[in-house]
1. Determine the dipole magnitude for the protein assembly as shown: charges of +1 sit on the beta-carbon of Lys and Arg, -1 on that of Asp and Glu, nothing else is charged, the reference point is the Cα centre, and the result goes in debye to the nearest 20.
2. Using only the C-alpha atoms of segment B:1-149, find the volume of their convex hull and express it per residue in Å³.
3. Remind me, what semi-axes does chain A give for its equivalent ellipsoid, largest first in whole Å, using sqrt of 5 times each Cα gyration tensor eigenvalue?
4. Once label points are set 7 Å from the Cα along Cα→Cβ at both B:ASP10 and A:ASP64, what is their separation, rounded to one decimal in nm?
5. Set the Förster distance to 41 Å, then compute FRET efficiency between B:HIS85 and A:HIS21 from the Cβ-Cβ distance, nearest 0.05.
6. Run the simple label-point estimate for B:ALA214 and B:THR67 please: 7 Å along Cα→C-beta, distance reported in nm.
7. If eta is 0.890 mPa s and T is 25 °C, what Stokes-Einstein diffusion coefficient results for segment B:172-258, Kirkwood Rh from Cα pairs, in µm²/s?
8. Can you give the longest stretch of chain A with no exposed loop site, where a site means trypsin sites (Lys or Arg not before Pro) in a DSSP loop (not H, G, I, E or B) with at most 11 other C-beta atoms within 10 Å?
Amino acid sequence: MTLTPLWEVFVRSRNGLAHKHVGSLHAADATLALAAARDLFTRRNEAMSVWVVPSNAITASDPDDAAMLFEPAESKIYRHPSFYEVPDDVGHM
Amino acid sequence: MATTSIAVVDDRLFAAVLARADDALILGHRLSEWCGHAPMLEEDLALANIALDLIGQARLLYEYAATIENAGHTEDDYAYRRDPHQFRNILLVEQPNGDFAHTIIRQYLYSAFAHAFWQAMTSSADAALAAIAAKSVPESAYHLRHAAEWTIRLGDGTEESHRRAQDALDALFPYTGEMFAIPETETDLIVGGILADPATIRPAWTASLDRILAEAGLAKPQSTWMQSGGRRGRHSEHLGHLLAEMQILPRSYPGAIW
């Protein structure tokens with residue numbers, strides 16, 4: 001076990017609606033991780049809110065599964081709203 | 001051609017503002033010495049951020065001091081063209097960084113005072129000082145939280161971190177008396193509501209120490225003997241070395257820019 005495990009940092013920008021992943025850092029616990037996140041990632045007035053999440057709490061997809069997971073979606077262009085022609089008299093949707 | 005030192009006027013408000021500017025500048029410079037040397041990258045940035053906040057506070061105070069003095073001096077003149085005996089910072093802030101525990105304990109002892117001081121100064125009768133205080137409060141609040149959290153973790157961490165934190169506290173505690181001492185020249189400023197009365201700040205400082213040191217498992221030194229002299233320009237040997245490094249470039253190459 002390391003004394004300073006890895007944390008993932010998410011910042012909600014001033015004009016953004018959602019928290020966005022911005023990087024990672026090392027810290028001994030959640031409080032220090034939040035402080036370090038503030039010091040590392042919000043120095044240029046970027047943030048309204050910051051989250052830190054222990055990196056080991058994240059379950060990630062296996063890169064080897066990429067074909068199985070993501071390729072089937074490639075051929076299904078009808079899932080994009082732009083695939084459909086909207087009749088003129090429908091107006092703005 | 002080397003620059004000569006400047007002489008400054010003898011004015012009570014000017015001296016009081018200059019003293020607080022010196023506190024912020026010298027502590028800020030000390031913290032900047034960690035840049036590239038901190039135990040971890042995250043703290044390297046944290047200490048540099050705090051250093052920049054403090055130097056920013058010093059600049060505002062020097063700027064105001066220059067207005068009061070009205071002798072054509074600039075913030076740079078005060079920072080770079082005064083000799084050690086002309087600095088009025090408290091001795092605590094010039095103490096060497098030592099190990100990380102020394103730096104954190106020094107920062108905690110100062111921030112617990114500075115935060116309460118700036119909070120009180122937001123209602124100063126002097127509008128310029130009240131404005132500088134209003135800008136400084138959110139900064140000092142973060143400095144205090146940062147140093148307090150680290151104090152707890154060092155004190156309540158490993159056997160070694162506890163020992164180092166306690167050593168630092170024992171070594172630095174005698175330098176805390178100066179924060180609450182009232183130079184004769186400041187009595188009128190306190191009565192006039194321009195400067196915060198240290199007596200009204202002490203309860204907040206003591207309450208913070210009692211809570212944080214208890215949580216950290218650190219023993220508050222019982223000795224009541226206190227160092228003094230900084231506000232009169234009588235400094236420890238450390239200030240001269242600090243200034244030598246801080247001032248050498250502008251003194252050797254006056255007006256140098258990059």
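Read-outs: derived from the displayed coordinates by stated rules, not from any lab. Keep in mind the model is a prediction, meaning the values are calculated, not measured. All Cβ positions, even for glycine, are placed from backbone atoms using ideal geometry, and neighbour counts span all protein chains on display.
1. Numbers: 28 positive and 46 negative charges, 146 e Å.
For the protein assembly as shown, the charge dipole is close to 700 debye.
2. Details: hull volume 16.9 nm³, N = 149.
Looking at segment B:1-149, the number lands at 113 Å³ per residue.
3. Over the Cα atoms of chain A, the semi-axes work out to 38, 22, 8 Å.
4. Computed distance between label sites B:ASP10 and A:ASP64 equals 8.3 nm.
5. With a Förster radius of 41 Å, E is 0.20.
6. Result for the modelled spin labels: 4.3 nm.
7. On the way: Rh = 16.4 Å.
Rounded to a whole number, D works out at 149 µm²/s.
8. Values: sites that count: A:ARG14, A:ARG44, A:LYS76.
No qualifying site falls inside A:45-75, the longest such stretch.
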